[in-house]
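Student: Before anything else, here's the structure in question.
The values are calculated or read from the model by the stated rules, or taken from the named source; none is laboratory data. Every value quoted in this text rests on a predicted model; they were computed, and no experiment measured them. Cβ placement follows ideal geometry from the backbone for every residue including glycine, while neighbour counts extend to all protein chains displayed.
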Amino acid sequence: MAAISINGLSKRYGMGKTVLAAVKDFSIEIADGEFVTLLGPSGCGKSTTLRLVAGYVRPDGGSIRVGDRLLSSPDSVVPPEARGMGMVFQNYAVWPHKSVAENVVFGLRVQKVSRGEAQRRVERILDIVGLAGLGGRFPNELSGGQQQRVALARSLVVEPTILLLDEPLSNLDAKLREHMRAELKALQRRTGITFVYVTHDQAEALALSDRIAVMHRGVLQQYGAPREIYAKPANRIVADFMGLVNLLPATIAAVNGGSARVAASGFHLDLALPPGLAAGDAAEIAIRPESIRFVAPGGSAGVAAQVAEQTYLGNLSEYRLVLAGGETLRVQAPAAADHPVGATVAIAVDAAQCNLFPKAAPDSRNPNLHQGQAT
Ligand code: ADP
Ligand code: MG
């Protein structure tokens with residue numbers, strides 16, 4: 001069984017006054033055979049967490065277990081090579097002066113696997129990653145995607161029960177990245193290996209993962225299935241990070257049980273009331289661009305707005321609308337309807353797809369404050 005249990009994990013860097021908490025009190029459970037992604041902006045602690053799981057970094061607090069086996073605690077760390085894990089590093093490097101087969105066989109040499117057996121396993125793995133017959137090539141005779149597969153093969157050949165991948169596709173161009181994404185997912189299904197994957201790319205996380213752990217300044221913000229993370233973000237940080245979102249200032253006009261009547265610029269929405277909010281409070285409504293649609297003007301349901309910008313994208317059009325109170329809204333709509341710049345339009349917001357959050361503290365709007373200092 002390769003279920004991973006991470007409990008209260010913490011890691012600080014530096015000393016004296018400039019201590020930085022790279023990971024703070026981080027806890028998640030990863031099931032055997034699950035594909036879990038650590039997602040967040042650069043510097044939020046993803047790589048540190050992965051290196052803690054791999055055993056390259058000793059935690060200052062908390063523990064990491066695989067099944068019943070304690071692998072990491074502040075007192076003891078089982079070394080990386082004794083953990084049954086494979087790792088593909090952020091800046092994967094294949095040895096340029098060694099052939100593909102020599103690159104891949106390395107881990108088996110370390111394990112003293114016999115020559116014949118090693119050769120069979122290298123061939124099998126090269127076949128699995130789509131490099132069959134290329135064992136004799138050198139890295140400079142391969143494309144970027146093929147080199148990435150060599151790095152993958154090298155970590156897979158030792159038959160890990162857990163594979164750790166740190167932004168493995170970030171060096172590839174967009175098209176290849178999508179192709180490799182599909183291949184990785186297929187590989188994971190075929191092998192049943194538990195994957196812990198790190199990326200800052202939310203589309204990649206949504207496409208690949210069984211569950212996503214969203215991190216911000218070293219702190220876990222939400223852990224859940226892609227649909228849950230996107231549709232029901234736990235807070236405005238998650239809502240803002242997962243794709244485009246409009247965060248519209250609003251006021252809780254009235255509360256009725258678990259439901260709130262929320263007043264925004266020129267319209268009302270009935271939304272589920274999150275804990276900690278009461279009538280009269282300032283709030284923000286998170287509205288996805290695709291949950292706004294154009295309706296016939298003059299109807300009672302529509303909210304008036306003016307088209308400030310239209311971007312035609314072929315399959316859809318993106319609009320920037322200005323509401324009566326001066327707030328702007330980004331809208332994605334089918335491209336067939338054409339609302340020119342300057343036109344007055346009416347829109348309807350699908351309340352079921354919106355989320356309500358307490359009004360943000362002023363400093364959380366500052367994009368330069370991603371790297372939290374320890375307190
Ligand atoms: P991510 O992978 O999400 O971009 P990292 O885990 O690499 O983030 O880094 C988290 C924070 O910890 C960053 O502020 C980074 O500068 C800091 N950090 C990471 N590794 C070290 C280290 N070895 N020494 C000092 N600070 C580090
Ligand atoms: Mg990183």
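Student: What's the number of the only condition in (1) assigned to a loop (DSSP other than H, G, I, E, B); (2) closer than 23 Å to V36 by Cα; (3) in contact with a helix residue (DSSP H, G or I) (Cβ under 6 Å, 6 or more places away or on another chain) that L176 fails to meet?
Tutor: L176 satisfies all of (1) assigned to a loop (DSSP other than H, G, I, E, B); (2) closer than 23 Å to V36 by Cα; (3) in contact with a helix residue (DSSP H, G or I) (Cβ under 6 Å, 6 or more places away or on another chain) except (1).
Student: Of the residues F35, F106, only one is touching a Ser or Thr at 6+ places or on another chain (Cβ under 6 Å), closer than 30 Å to G135 by Cα and more than 14 Å from ligand 2 (Cβ to nearest atom); which?
Tutor: Going through F35, F106 in turn, just one is touching a Ser or Thr at 6+ places or on another chain (Cβ under 6 Å), closer than 30 Å to G135 by Cα and more than 14 Å from ligand 2 (Cβ to nearest atom): F35.
Student: Turning to a different aspect of this structure: Can we say A153 is in a helix (DSSP H, G or I) and surrounded by 14 or more Cβ atoms within 10 Å (Cβ to Cβ)?
Tutor: In short, yes.
Student: Among the residues of region 39-60 satisfying the criterion of being among the hydroxyl-bearing types (S, T, Y) and outside any loop (DSSP other than H, G, I, E, B), which is nearest to ligand 2 (Cβ to nearest atom)?
Tutor: This residue is S47.
Student: Can you say whether S265 is at pLDDT below 90 and of a type in the set (S, T, Y), as far as the supplied structure shows?
Tutor: The answer is yes for S265.
Student: Please specify each residue of region 40-84 satisfying the condition of being modelled with pLDDT under 95 and touching a Pro at 6+ places or on another chain (Cβ under 7 Å).
Tutor: G84
Student: A further question follows. Yes or no: L142 surrounded by 19 or more Cβ atoms within 10 Å (Cβ to Cβ) and in the same structural domain as L39 (by TED's automatic domain parsing)?
Tutor: Judged against the criteria, L142 is not a match.
Student: Would region 348-361 turn up any residue that is surrounded by 14 or more Cβ atoms within 10 Å (Cβ to Cβ), at pLDDT below 90, part of a loop (DSSP other than H, G, I, E, B) and within 24 Å of the chain's Cα centre (by Cα)?
Tutor: The answer is yes, given that some residue of region 348-361 is surrounded by 14 or more Cβ atoms within 10 Å (Cβ to Cβ), at pLDDT below 90, part of a loop (DSSP other than H, G, I, E, B) and within 24 Å of the chain's Cα centre (by Cα).
Student: Exactly one condition in (1) at pLDDT 95 or above; (2) farther than 20 Å from L184 by Cβ; (3) of a type outside the set (D, E); (4) within 16 Å of ligand 2 (Cβ to nearest atom) is not met by K24; state its number.
Tutor: Result: K24 passes all but (4).
Student: Next question, about the same structure. Counting only residues that are at negative phi and more than 15 Å from the chain's Cα centre (by Cα), how many does region 154-176 have?
Tutor: Counting residues in region 154-176 that are at negative phi and more than 15 Å from the chain's Cα centre (by Cα) gives 15.
Student: Mind telling me which of the residues V113, V105, V53, V66 ends up being surrounded by 22 or more Cβ atoms within 10 Å (Cβ to Cβ), farther than 17 Å from V196 by Cβ and either without any contact (Cβ under 8 Å) to a residue 24 or more places away in the chain or among the β-branched types (V, I, T) (or both)?
Tutor: The unique qualifying residue is V105.
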